[in-house]
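Quick notes on the structure that follows.
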Amino acid sequence: MEAKPEQFKPNLASASYVSLLLGKPVRDAQGATIARLRDIVVRLNVGAGAGGYPPLHGLVVRGDVDDEQVNFFVPSSAIAALLPEGEQAGVNLSSEELSRKPFVRREDEMLLAKDLIDKRVIDLANRKVERVNDALIGPHGSHFHLVAVEVGSGGLFRRLHAETLGRAFHARDEILDWQQVDFFASGASGVKLNLSHARTAQMDPVELADLLEEVSYKEGAEIISALDDETAAETLEELPTSRQSDIMALLEAERAADILEEMSPDEATDLIADLDEGRAENLLNLMDADEAGEVRDLLEYGEHTAGGMMTTDYITVPQQTLVRAVVPTIRAELEQFYEVYYLYVVESAGSEKLVGIVTMRDLLLAAPDLPLSEVMERDFEYAKPDDSERDAARKIADYNLLALPVLDARGNIVGNVTVDDALEVFMPGKWRRRRGSLREEL
Amino acid sequence: MKLEEEKKDTTIEVGVNAAPVQARRRLPLPRLRRGGMWLYLAALGPGLISSFAGDEASGITTYSSVGAQYGYDLLWVMLIATLSLMVMQEMAARAGAITGKGFADLVREQFGVRWTAFAMLVMVIANAGITIAEFVGIGAALELFGVPRFISLPIVAFILWWLLTKGNYRVVERIFLLMSTVFLAYFVAMFLAKPDWGAVARGTFIPSFRADPAYIYLLIATIGTTLTPYMQVYEQSSVVDKGVTAEDYKLSRFDAYAGAVFANLIAAAIIICTAATLHPIGKLVTNMNDAALALAPVAGEYAKNLFAVGLFGASMLAAGVLPIATAYSVCEAFGFEKGVSYSFREAPVFNSLFTALIVIGAAVAIIPGLPIAPLLIATQVLNGMLMPVILIFMLMLINNKEIMGKYANTRVQNIIAWPTAIVIILLTIFLLISTLIFPLFGINFGQ
């Protein structure tokens, strides 16, 4: 992307606002008006030469062709000058012969008025979704490029022809360099725009989730499909379940299954439970058998029970294990899980019967040659799968726990409820995320 | 599986959760979503709420006036308005589900800044009118309990503002909703009032029309209070917020239809009640005491209190939803920061707009000696006149194949929706001509 030799730094002073050009007369070499400017076409994905600033490809103009008003295309080579303001405002053409065939869109051609202005874009520097009020095109050598968009209230008042009113409100232009902007291909109808969303994909999952809550589910799916499986999974986990399933429903089934495998089993379960049955079964079948099995197990529990909120990401160790042997053996599992709060000590190898719990602190302080049975806490709190989620969460709060094991009737461990899931039970809806929706405001 | 391989070291055993998965597979999985009636019942949300909020102060006053003044004559309007409302609510739900975007969003993206400014101006004016009506309703309800408006309204306005910005409005919203369910009493009152059912049927199925400004005025008010622009906008927002998509939008369609029918059944019951009780004795509705009389068959001397409770709940419900929803739409369209969790400095437009709507609503409603019933009806006439503007935007959006794809309007939907817009525009023009221009030339219709 970095084109070292001819690094293109746009000069905003020489750039013009697209909104000022639209609707202006288009004149031939003799100065006669032949049409009016309808739209400006730039080309995406043209390679490194332009430094990522899409070059002007041509104009869509509306004028007489055989006594009929038609939209036709004017290639950029035929443009002599773009004059946004003054008495001569408009487009002056060179003497190049025009084909005047009706305009037809092609892949990777973006129309600035139709696809970009008034649509939403991602402001990558400030990690915000912004509404585009105007676009700027500027010269680079002999060629014009899309160099920036305007998202401030200044552009709003200018387009309403109310600059005087704008000044009264201290309206200002806010110009975002095109390099700092990502936009949605789903906004452009009837044509395919290939966007990598590479720069958006570098954001962290929490920021991505904030952005995804502000855009439509289709735009959300577009971003999610541009992420790697792990980031996609982490981002989805930050979103409300209904949003997750909307986005999932738009992804290719294979891709959706890959992302589900990366999610923690309890989150994946909530998501799958929110899909319709056919899709859910389809995804479960596409998923890796182990992961799918965990989800199927979790799906057996009611939504608002300890079983419904627990995760199956936890580590069990037989009580005979020596302290010094613990870390080397569980290393592989530790790498898989984001958080490990406690070690669950089971009766023997292959057994799931929980006999004690070892905290990470106890493990670090314990003498290396002791077996875990000497170190573990035998008197522990637990929940049953059918306990209500409030009871389980309350236990975590009352006993200051980081996690609570969930045991079946025979005392076998089937899952564990973590403190962050417990927090969600008690947290008022408004606190979970600041950027809410209208429904959350009320 | 993994366990087996690691058994060589006898002291170290690690099991990551479950035994082999296949052994534990037990179907069916109760949490998987299945179709069926309960899903439809669960979907009854936004539609019902927005339709309940539609039967508020001005709605009840308008319907009461219609029955008192013209008996069963205008019931046919309710039949047509119900059909129109069903189509409009369904379109709003569909646009929300297919695009995942709100109404203001779509208008901005498809029509640009200037048309958006126009649409938003129309919506702010219409919604400001209804907000005023809601505060008039709140004031009137509390006056029925003997609390004067100049005391109650400033307090209520402040509490409402506080609840919306600092408190948890959702909780109190349920209380208001519960209070407004007392209007279900109109169904009972309707039967106890022993209306002439033959006349009811004639009024419903045989349209009558009079070229009389007063008649057209109430006709537009009835349409205006039934088909409020904000209901469509609110419906679309809630469908988007609920995360309804093209796949599960059938449920929302059911919700939209059910809400429309239900709201207008209550409206029809109100008209029948007043037609049976007030119309025969020639009593017109000039204040809330008159309107409350229609509940006398069911509540006797307590009719006033029952009516006041319902009026208070319904008006509070709408007075909370409207200012926020309006400010939300405007900010959505223009890309301003929005949300009650932002301070005035962070989201100046959002906060000033919704605060201003509450202040204006309460301030106008507090003016002493207000002609309450005429004012409430006037806000609905305004609404009826502005409704076609929003409806035309909606129709253009929903017929746009580029954004709606195969979910664009069908011919039948257009056959109901376009005439609704055109007829209301014609009625509005007629009303303006007959009340403003003809009198200039000494011509007077009716009266």
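Values for this structure:
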read-out	value
Residues satisfying the stated conditions in region A:326-362, i.e. surrounded by 20 or more Cβ atoms within 10 Å (Cβ to Cβ), within 11 Å of another protein chain (Cβ to nearest Cβ) and modelled with pLDDT of 85 or more	A:VAL326, A:LEU343, A:TYR344, A:VAL345, A:VAL346, A:ALA349
Options A:GLU267, A:GLU300: the member that is at negative phi, facing chain B (nearest Cβ under 8 Å) and not β-branched (Val, Ile, Thr)	A:GLU300
Qualifying residues in region B:309-350 (those that are among the polar types (S, T, N, Q), out of contact with any Leu (no Cβ under 7 Å at 6 or more places or on another chain) and touching a residue at least 60 places away in the same chain (Cβ under 8 Å)) - the one farthest from A:ARG172 (Cα to Cα)	B:SER315
Single match in A:VAL317, A:VAL375, A:VAL295 (criterion: among the β-branched types (Val, Ile, Thr) and facing chain B (nearest Cβ under 8 Å))	A:VAL317
A:GLY155 being among the small types (Gly, Ala, Ser) and in contact (Cβ under 8 Å) with a residue 60 or more places away in the chain	yes
Qualifying residue in region A:142-150 (condition: modelled with pLDDT under 85 and in a loop (DSSP other than H, G, I, E, B))	yes
Residue that is surrounded by the most Cβ atoms within 10 Å (Cβ to Cβ), among those in region A:294-313 that are farther than 18 Å from A:ILE396 by Cβ and under 28 Å from the mean Cα position of the chain (by Cα)	A:VAL295
Residue within region A:200-211 that is under 14 Å from the mean Cα position of the chain (by Cα) and closer than 30 Å to B:ALA117 by Cα present	yes
Test result for B:ALA347, at negative phi, touching a Ser or Thr at 6+ places or on another chain (Cβ under 8 Å) and buried (at least 18 other Cβ atoms within 10 Å of the Cβ)	no
Condition check for B:ASN289: of a type in the set (S, T, N, Q) and within 14 Å of B:ILE60 (Cα to Cα)	yes
Tally of residues being more than 9 Å from every other protein chain (Cβ to nearest Cβ) and either polar (S, T, N, Q) or within 27 Å of B:THR181 (Cβ to Cβ) (or both) across region B:309-340	14
Residue satisfying condition, being assigned to a helix (DSSP H, G or I) and either buried (at least 18 other Cβ atoms within 10 Å of the Cβ) or on the phi > 0 side of the Ramachandran plot (or both), within set A:ALA392, A:ALA397	A:ALA392
Flag for B:LEU184 being in contact (Cβ under 8 Å) with a residue 12 or more places away in the chain and closer than 21 Å to B:CYS273 by Cβ	yes
Residues of region A:18-45 that turn out to be out of contact with any helix residue (DSSP H, G or I) (no Cβ under 7 Å at 6 or more places or on another chain), assigned to a loop (DSSP other than H, G, I, E, B) and within 23 Å of A:LEU98 (Cβ to Cβ), as a count	7
Restricting region A:238-256 to residues that are assigned to a helix (DSSP H, G or I) and away from chain B (no Cβ under 14 Å), the residue that is surrounded by the fewest Cβ atoms within 10 Å (Cβ to Cβ)	A:GLU254
Residue count for region A:245-282, restricted to those that are within 14 Å of B:GLU247 (Cβ to Cβ) and under 21 Å from the mean Cα position of the chain (by Cα)	11
Residue match in region A:225-237 (condition: within 19 Å of B:ALA246 (Cα to Cα) and within 14 Å of chain B (Cβ to nearest Cβ))	no
Test: B:ARG174 is in a loop (DSSP other than H, G, I, E, B), out of contact with any His (no Cβ under 9 Å at 6 or more places or on another chain) and among the charged types (D, E, K, R)	no
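The values are calculated or read from the model by the stated rules, or taken from the named source; none is laboratory data. Owing to the predicted nature of the structure, the values given are computational and were not obtained by experimental measurement. Positions of Cβ are backbone-derived with ideal geometry, glycine not excepted, and every protein chain shown enters the neighbour counts.
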